[in-house]
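Just so you know, all these numbers are worked out from the coordinates, no wet-lab data involved. As the structure is a computational prediction, the values presented were derived from the model and not from experiment. Glycine gets a Cβ as well: all are built from the backbone with ideal geometry, and neighbour counts include every protein chain shown.
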């Protein structure tokens, strides 16, 4: 017979009773084993963007941790750590049993003075968390709201790499790469070690800022805090094995960069940039071709284009995944907020 669930709040990411190895074990058990839920991403995000009070809540049975909810509370609300810049968020471990999720949510609610509710951003529809939250809300007397969704296009790469190679060899990508490679000066660097990546970041930031300056969406790297986050993440995950940084040089200068990840054979397109003055020659397409070829070489299963429905993603995606935002509120709280 299963014993009851107990919960406790960790003292922080450096809690001596729950280290990175235990965090990794839980992450591997759950339905969302993604970079954004790693100890490195979560701890650096919190150190950089601290908002309100940290609530790292673990659920235990017979002294063994079965789940973790990485949360923080601010102004009466509770959110996932990483809510801002993280494509996918979730709990870690196994929350399929009703008493586990109920205990995590109840513990969080008890810590918040003037509790209003939870908002859980970017929960993957490929997990059962949305359904579990709906059931938990009913048991805990909370009002649950679907607060919208975003698409996450992806290219499924067959075991022999056929889909990936077909995508990389699309005429448009090949044509644009040929312009840069015809004089033999196109150089591609794929870097995976954080200490090797770090010296390239300032040039990447500057190119990203210049790329987005003429648009209605200025670069996030106009904000020093964002640059500090990327530098700290690169150092924290230096030897984690999932960093992927690509640099394309042409005629001795950088024409494109990509800062992304590859974990559990899933390659994530995350932050690209290219030289805006070469836009008509599409260095971004030359970059994408090299990333697809690299993904095939690494034997990945999925090339994930991340959140958003930019037109180019539809040319390559074989499926459209979804993330959903869930709000769970005290009865009457929503009306009081309007």
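A few points about this structure:
- The angle between the Cα long axis of helix 20-29 and the main principal axis of the chain comes to about 90°, on a 0 to 90 degree scale.
- Axis of helix 224-236 versus longest Cα principal axis of the chain: the two differ by about 90°, to the nearest ten degrees.
- Packing-based ranking, highest mean first, of 236-246, 212-222, 29-39 given that Cβ atoms within 10 Å are counted: 29-39, 236-246, 212-222
- Relative to the longest principal axis of the Cα atoms of the chain, helix 201-212 runs at roughly 80 degrees.
- Ranked by the mean number of other Cβ atoms within 10 Å of their residues, highest first, the peptides 74-80, 197-203 fall in the order 74-80, 197-203.
- Residue-averaged 222 nm ellipticity for the chain, from DSSP H runs of 4+ at -39500 (n - 2.57), nearest 500: -10000 deg cm²/dmol
- Between the C-alpha center of segment 271-308 and that of segment 153-167 there is a gap of 14 Å.
- Comparing Cα centroids, segment 1-62 and segment 178-220 end up 33 angstrom apart.
- Relative contact order for the chain, counting Cα pairs under 8 Å that sit 6 or more residues apart, in percent: 23
- Based on every Cα atom in segment 46-91, Rg and the maximum pairwise Cα distance Dmax equal 11.9, 36 Å.
- Three-way shape label, segment 1-109, alpha-carbon gyration tensor, a/c 1.5: prolate
- Rule-of-thumb Rg ratio for segment 81-206 [Cα; 2.2 N^0.38 Å; N residues]: 1.64
- Inverse mean reciprocal Cα-Cα distance (Kirkwood Rh) of the chain, Å: 21.4
- Alpha-carbon geometry of segment 202-338: the Rg and the Dmax are 17.9, 63 Å, given in that order.
- Looking at segment 284-338, the pairs of alpha carbons with a distance over 13 Å make up 73% of the total.
- Viscosity 0.692 mPa s, temperature 37 °C, Stokes-Einstein D of segment 135-240 from Kirkwood C-alpha radius, µm²/s: 175
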